[in-house]
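Engineer: Right, I'll just put the structure down here and ask away after.
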Amino acid sequence: MPQDDVSKLTDPDHWLGWLGDDPATAVRQGIEESLRAQVADAVVEWVKILETPLFLTGGRRHSEDQQVMLVTRAALAAPFALSVRTTQHGRSILLGVFSWAAVNLSPPGVRKDRHWFDLGVGLDWAGEQLQGRIYEIDGEDDTAER
């Protein structure tokens, strides 16, 4: 059986601190949550990130120190292949792009996250979508920094 391979997520020298101490595990869990939202008994057997993800990071200058940037939002789009097993459908191999955006990263406490699980699409399409999605989750109150 193939094993997880998410090295293309962590190989680039891109800041992923917004995903916690273990970005690879966080992305895998995000993928699993997306699948379980569709089919409650979905079990991900393996995940492979197929190419270097697209990353977006936005911020603003610190009000007291103009040399410091505060990250206010971040997002990624990661093309994947995975094997998932469900009671009703058995084993399936899925290809697509998993996207994750988070806003209100500074100050802590009001953070909002959202995942997208797009099957049968490429990284170019997902990258175009990510440009809007990183702002879409601000919601009606639009309190997040742009």
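Engineer: Add -39500 (n - 2.57) for each DSSP H run of 4 or more in the chain, then divide by its residues: what number comes out at 222 nm, to the nearest 500 deg cm²/dmol?
Structural biologist: -7000 deg cm²/dmol
Engineer: Dividing the convex hull volume of the alpha carbon atoms of the chain by its residue count, what do you get in Å³ per residue?
Structural biologist: Numbers: hull volume 18.2 nm³, N = 146.
Convex hull of Cα atoms, per residue: 125 Å³.
Engineer: All other residues with a Cβ under 11 Å from the Cβ of Met69 taken together, and with Lys, Arg as +1 and Asp, Glu as -1, what is their net charge?
Structural biologist: Around Met69, the surrounding residues sum to +1.
Engineer: Now, a different point. How large is the dipole of the chain about the Cα centre if only Lys and Arg carry +1 and Asp and Glu carry -1, each at its Cβ, rounded to the nearest 20 debye?
Structural biologist: Once rounded to the nearest 20, the dipole reads 200 debye.
Engineer: Using a Förster distance of 35 angstrom, determine the FRET efficiency expected from the C-beta separation of Gln3 and Gln66, and round it to 0.05.
Structural biologist: In this case the efficiency is close to 0.15.
Engineer: For the Cα atoms of the chain, what angle does the longest principal axis make with the long axis of helix 123-136, in degrees from 0 to 90, nearest 10?
Structural biologist: Result, in degrees: 50.
Engineer: Using a 1.4 angstrom probe, figure out how much accessible area the chain has per residue, in square angstrom, rounded to the nearest whole.
Structural biologist: Averaged over the residues of the chain, the accessible area is 56 Å².
Engineer: Let me ask something else. Count neighbours as other Cβ atoms within 10 Å of each site's Cβ, and list the chymotrypsin sites (Phe, Trp or Tyr not before Pro) in the stretch 10-104 that are DSSP loop with at most 14 such neighbours.
Structural biologist: Trp15
Engineer: Let me ask you something else. If you take the charge dipole of the chain about its Cα centre, with +1 on Lys and Arg Cβ and -1 on Asp and Glu Cβ, which of Thr10, Ile137, Val97 is farthest toward its positive end?
Structural biologist: It is Val97.
Engineer: Efficiency by 1/(1 + (r/R0)^6): what FRET value for Ser83 and Arg111, r their Cβ-Cβ distance, R0 = 25 Å, to the nearest 0.05? If you can, show how the numbers build up before the last one.
Structural biologist: Details: r = 31 Å, r/R0 = 1.25.
The value I calculate is 0.20.
Engineer: While we're on this one: So how far apart, in nm, are the two label points at Leu119 and Ser92 if each is 7 Å from Cα heading toward Cβ?
Structural biologist: For Leu119 paired with Ser92, the spin-label model returns 0.3 nm.
Engineer: Moving on. Where the centroid of each part is defined by its Cα atoms, how far is the stretch 96-128 from the stretch 1-77 in Å?
Structural biologist: Distance between centres, Cα-based: 9 Å.
Engineer: According to the square roots a ≥ b ≥ c of the eigenvalues of the Cα gyration tensor, what is the shape class of the stretch 1-44, taking rounded for a/c under 1.5, prolate for a/b larger than b/c otherwise, and oblate for the remainder?
Structural biologist: Oblate.
The values are calculated or read from the model by the stated rules, or taken from the named source; none is laboratory data. Just so you know, these numbers come straight off a predicted model, no measurement behind them. Using ideal geometry, Cβ is built from the backbone for each residue, glycine included, and neighbour counts are taken over all protein chains shown. We work out accessible area using only protein heavy atoms, side chains counted, and drop any ligands, DNA or RNA first. Shrake-Rupley method; radii C 1.70, N 1.55, O 1.52, S 1.80 Å.
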